[in-house]
Amino acid sequence: MEREPAAVMPADGAAMQDPAGSPDGRAQAPLGSGEVDALLAESSVAVLVFTEDDALLTTLSGVSGGQHPVHATADEAAAMALLARLDPGVLVVDATVCGDVEALCARMQRHQPGLVSVVVAGRDSAGALMSLVGGNGVVRVLPAPLSAGQARLALEAAVRRHLMLAAAARDQGPVVVAVAEDIGPPARVARGALLAGSAVALTLLAAVGAWVLLDRDRSVAGQADAGPASAVPPATMIGSAPPSRAATADSTSSALPRAPDGRAATDQTELLEQAEAALTSGRVLGPTADSAEMLLRRVLDADPANGRARLGLERVWLAELARAEQALAAGNIPLAEQRLQAVAERTPGHPRLAVLQDRLRRQTAAAPPAAVIDPAAPAALVEDVPTRVAEEGQRAPADTAAVADEAGADTAGSEALDTADTADTATDDVLAQARAQRGILILVQERIARGWLLTPRGDSAADYLEALRETGAAPAMLFVAEQQFARALLAQSSAAVDTGDLAAARAALAHARELGVVPLETDTVEQTVARAERLAAARTRVVPENELERLDYRAPEYPRRAYRINQEGWVELAFVVGRDGYPMNIRVVEAEPPGVFEESAATALSRWRYRPVEVEGEIIEQPALVRLRFEIR
């Protein structure tokens, strides 16, 4: 059950209202242009692009310069999953693949209030969409195709707007959410047990009703004396909005965990270890600085692409959702609702969240309404309760047996109803989970199509396949996804062999082998990679000349001057046996004495001929080394 906040955080720096409606009173100084420029230079804001146009995606990726990671999809379910995992600040919508641009921007901003949108449309429809500017976070509508200059200016404007909103949210502090106190639905009981306890229950309810009436009278009188301000009910803090990436560092710097020597624990590895310990000990969500969530957000502030921290946050959401599921199983609907609301504020598109929210709605709808005693009921009705209960207790044994039979029938009916409710809830859970899994599966397939198999980190097919496993997807769905991923890895491995990047080929092959879903194809590519590695090793190995089969030999000429003075020596030459068997790339490695025999030795070697070297059925160019001695006999 979702509740509206008592105060909505203003989007443009307006004064924040407290639960009573009065201004906060703090002066909101707008960011200066220098401060905004500094934020633009230092901040990294994820950009989500809703498109199928590779040209648009390439343009945006190019102008972002790597500072702002760009992620793409053309499916709304997949976009919601990305929204939850990446926490983007900018949305670019390609109107050609979106039926209702305004509705999409509204839904996305509802899930991510700080999201700023740019719409790209064909020249014929761009004018009609200009009315969207200013609503649902839309700051620009641009005609396609975008030039690099247009894309750069639009991206800078959107990032600037997002950072200003994040700074305003940081200055205003956390949003206070006011909730009414809920009473969980009573458990089903047999009618016999209800009759046996009705005397005590109704007596207590009557007393509570009388106390409420008296207390209400006292409250009204007190409020009349105190004036209008005292009539404001205190807000119940059930959690604050999660800090944005731009605001986390400032909001937690005053309460950082400290090492034994008192220094701030800023090392990322140390923060990750602290987060792991916090998660193990049950300190899952913020706002305390030593919670797993806040520690991981500190790591991401310093390194937004940190894979361990991103996966750690995913574990945090799953841990809190598991606690909500335990509360649902125990019938504690208010606690389950509170935990689900906390997760929804942080990652509204999480696939497991949708499943548990559907289950919560089903359980809430299936629970019977609580009994209500009207405080204004006639006193005689309340006074007659003990008498009626006493009369029920003096029934004849036959009446008691009849009541017991009736109670048994009610119990059986109640159990049947519970079974039906459970079946309905399970059906809804399956449907909701299937929808969420479909969104993640589409992300896997899109990343495969783009060739993003193992990179970029956090937004690759491998990352989304792991997320699909965590949702408990059916074996058949996982098998299909793993087959597609494995075949794409094998294709990438073969392509890397063709370009000579054997390290990348071996890495892709290793990931495909780990999946184990296409063993025959994997073995075939394994043979290709192994053969390429043997060829590469042979091409780089320098062999002594005596290991080669020489087909033609010409003795080197003895230099005349050296011969006249009886000078002897040697020359060491490096060369490559070409595919035709003739030496090439001849160079002098060393000579003794230098400057005497080198030319004669190199000229002689160039006239030799060898049998071409064959490795793995392929003629290769073979490096070799030879030493020629010049001696007078």
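Taken per residue, the accessible surface of the range 274-333 reaches 40 Å², heavy atoms only and a 1.4 Å probe. Inter-label distance, residue 153 to residue 555: 8.3 nm, where each label sits 7 Å from its Cα along the C-beta direction. Extension gain, residue 480-residue 270: 0.36 nm per intervening residue step, less the Cα-Cα distance, totals 71.7 nm. For residue 520 and residue 455, a Förster radius of 25 Å and the Cβ-Cβ distance give a FRET efficiency of 0.40, rounded to the nearest 0.05. Using a probe of 1.4 Å, the accessible surface attributed to residue 440 totals some 10 Å² when neighbouring protein chains are kept in position. Neighbours of residue 53 by Cβ distance under 14 Å: Lys/Arg scored +1, Asp/Glu scored -1, total -3. The packing ranking, built from the mean of other Cβ atoms within 10 Å per residue, places the peptides 326-334, 267-275 in the order 267-275, 326-334, highest first. Solvent-accessible area of residue 283, all protein chains in place: 90 Å² (probe radius 1.4 Å, heavy atoms, ligands and nucleic acids excluded).
Ordering 570, 317 by accessible surface, largest first, gives 570, 317; the 1.4 Å probe counts only protein heavy atoms, with every chain in place. Ranked by solvent-accessible area (1.4 Å probe, protein heavy atoms only, all chains present), the residues 51, 540 order from largest to smallest as 540, 51.
Using a Förster distance of 22 angstrom, determine the FRET efficiency expected from the C-beta separation of residue 308 and residue 41, and round it to 0.05. The partial results should precede the final answer.
Numbers: r = 26 Å, r/R0 = 1.20.
With a Förster radius of 22 Å, E is 0.25.
Over all other residues within a Cβ to Cβ distance under 11 Å of residue 579, the charged ones net out to -4, with Lys and Arg as +1 and Asp and Glu as -1.
Full extension of the chain between residue 534 and residue 572 gives 10.9 nm of extra length, using 0.36 nm per residue less the Cα-Cα distance.
The values are calculated or read from the model by the stated rules, or taken from the named source; none is laboratory data. All of these numbers come straight from a predicted model, not from anything done at the bench. When we count neighbours, we look across all protein chains shown, and the Cβ atoms used for this are built from the backbone with ideal geometry, even at glycine. Calculation scope for accessible area: heavy atoms of the full protein, side chains included, ligands and nucleic acids excluded. Shrake-Rupley method; radii C 1.70, N 1.55, O 1.52, S 1.80 Å.
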